[in-house]
Structures are given as structure tokens and as C-alpha cells.
1. What single numbered condition from (1) assigned to a loop (DSSP other than H, G, I, E, B); (2) without any contact (Cβ under 8 Å) to a residue 24 or more places away in the chain; (3) among the charged types (D, E, K, R) fails to hold for Glu156?
2. Quick check on my filter: what residues within the range 171-227 are under 24 Å from Pro155 (Cα atoms), among the hydroxyl-bearing types (Ser, Thr, Tyr) and either surrounded by 13 or more Cβ atoms within 10 Å (Cβ to Cβ) or within 14 Å of the chain's Cα centre (by Cα) (or both)?
3. What number of residues in the range 183-227 are in a loop (DSSP other than H, G, I, E, B), over 22 Å from Leu132 (Cβ atoms), of a type in the set (A, V, I, L, M, F, W, C) and in contact with a strand residue (DSSP E or B) (Cβ under 7 Å, 6 or more places away or on another chain)?
4. Which of the residues belonging to the range 65-115 are among the acidic types (Asp, Glu) and surrounded by fewer than 15 Cβ atoms within 10 Å (Cβ to Cβ)?
5. Are any residues in the range 129-163 in contact with a helix residue (DSSP H, G or I) (Cβ under 9 Å, 6 or more places away or on another chain) and among the small types (Gly, Ala, Ser), and if so, which ones?
6. Are there any pairs with C-beta distances below 8 angstrom linking a residue in the range 128-152 that is hydroxyl-bearing (Ser, Thr, Tyr) to a residue that is surrounded by 14 or more Cβ atoms within 10 Å (Cβ to Cβ) and not in a strand (DSSP E or B), with the two at least 6 apart or on different chains, and if so which?
7. For Leu132, indicate whether it is closer than 27 Å to Asp16 by Cβ, in a strand (DSSP E or B) and of a type in the set (A, V, I, L, M).
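Read the figures in this text as sums done on the coordinates, not as results from a lab. Computed from a prediction, not measured in an experiment: that's the story for all the values here. Cβ placement follows ideal geometry from the backbone for every residue including glycine, while neighbour counts extend to all protein chains displayed.
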Amino acid sequence: MTSDSNLPRHVAIIMDGNGRWAKKRGFPRALGHKQGGEAVRRTVEAAKTLGLECLTLYAFSSENWKRDESEISDLMNLMRRFIEKELDAFIRNGLTLKIIGDYKAFAPDIVEKLEDALERTKHGERTLAVALNYGAQQEIARAARLAAEEGEVTPEAMDRHLYTSDLPPLDLLIRTSGEVRLSNFLLWQSAYAEMLFMDVLWPDFGEDHLRQACEEFARRERRFGGR
């Protein structure tokens with residue numbers, strides 16, 4: 001593994017491929033999402049092993065409401081179970097949970113569970129940011145509106161009003177499943193992030209994949225617009 005100085009501080013992942021994973025095996029999509037939840041658990045543990053400061057996961061976009069009601073219901077139930085099952089582990093492992101997006105649009109019981117988790121994990125040493133009911137275009141519009149209310153709309157003012165304002169700059173963005181697009185995720189924050197598109201479907205993602213991604217990041221020369 002590379003030295004700590006070459007590691008990304010902040011890695012974000014577009015977790016794509018649950019449905020295709022299930023379809024390839026003749027399983028219902030709900031099972032794909034369940035296995036995707038197992039991949040989240042593995043990846044959070046791997047981030048700790050690798051010493052990452054912040055991991056951001058794209059869990060539910062603002063466009064996901066367009067999916068079939070049955071699939072949305074499955075996703076909401078999975079979210080409920082995941083919070084209940086993993087919260088104590090988050091606390092033990094020193095994780096601070098952060099939500100980016102308008103999570104208060106969810107059912108009241110989910111909002112209550114999320115806010116309880118936010119409160120109980122607020123003193124962790126590392127951050128797990130989860131994008132829920134999130135869309136980057138909406139985030140940028142919101143930040144611009146708030147910046148305008150303060151005065152001049154500048155990049156610095158915009159940064160202050162993003163959901164990620166208290167997180168390290170985004171270093172590496174990963175998308176699984178072989179798709180090559182950002183899907184309205186962290187558009188502002190990705191301006192100078194390294195990007196890696198991996199062929200693995202999300203339910204098969206694990207520590208080896210995250211390690212490989214970090215090693216690829218370490219081999220790249222970051223220029224930030226310079227030569």
C-alpha cells in the first residue's frame with residue numbers, strides 16, 4: 001500500500017449496479033439493494049483500515065423518487081434496517097455520520113432515526129457522509145441563493161454554503177458498474193477531483209477494490225489546472 005501522504009483524504013463513491021447484479025442472477029432488485037448494503041458495510045470498514053479521513057456515499061438521489069413505488073419502499077425499509085443494525089458499530093468505530101441532501105423529505109420515522117444517528121455519532125474521528133435525497137444541481141442553486149443573500153456570489157461564498165462545507169476537499173470520485181457519468185453527484189466538489197470508473201457492480205465491491213482505487217490515485221500527478 002502507498003504511504004499515508006499519498007492517500008486521498010476524501011473519497012466519494014457512486015454506488016451503481018445493484019439492479020444489474022440482481023438481474024444477472026435472476027434475483028429481484030430488492031435482493032440487489034440488500035447486497036449493496038453489505039457492500040456499504042465492507043467499504044466503511046475498508047475505509048477505516050486504509051486510514052481514509054472521509055468517505056461519501058451516494059445512497060439516494062433526488063431523481064430516485066421516479067422509480068417504482070415498490071422499489072422505493074424496499075429502499076426505505078433497507079435504510080431503516082441499516083441504521084438500526086449499524087449505528088452501534090459506527091459509534092464503536094469512531095465514525096461521525098453526516099447527511100448531505102434534503103433528508104427531511106423522508107418518512108418521519110426515518111428522519112427521526114437519522115437525526116438520532118447524527119446526534120449519537122457527532123464526536124467521531126472520521127466521517128461517513130451519506131447523500132440522501134441529494135442532487136448536485138439543486139445543491140449548487142441552494143448555495144448560490146444563500147450566497148446572494150449574504151452579498152456577492154463568489155466561489156468562496158459558494159463553498160461556504162455547500163452541504164460539504166465542513167468536509168475535506170474531494171480527492172477521488174469512484175463510480176462502480178462501468179458507467180461513465182456523474183449523475184448529478186458532487187458536481188461542484190469534483191472540479192479538480194481525480195475520477196475512477198470501475199467495472200465491478202456495487203454489491204461485489206470490497207476492500208480490495210477500494211485499495212486498488214487509492215493506489216491508482218497515488219500514482220496520478222494532480223495538477224489543479226497547472227502544468
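1. The number of the failed condition is (1).
2. Ser183, Ser190
3. Final tally of qualifying residues: 1.
4. Asp68, Glu69, Glu84, Asp88, Asp109, Glu112, Glu115 - these are the residues of the range 65-115 that are among the acidic types (Asp, Glu) and surrounded by fewer than 15 Cβ atoms within 10 Å (Cβ to Cβ).
5. Selection gives Ala143, Ala144, Ala147, Ala148, Gly151, Ala157.
6. Tyr134/Ser62; Tyr134/Gly101; Tyr134/Asp102; Tyr134/Tyr163; Tyr134/Phe185
7. yes
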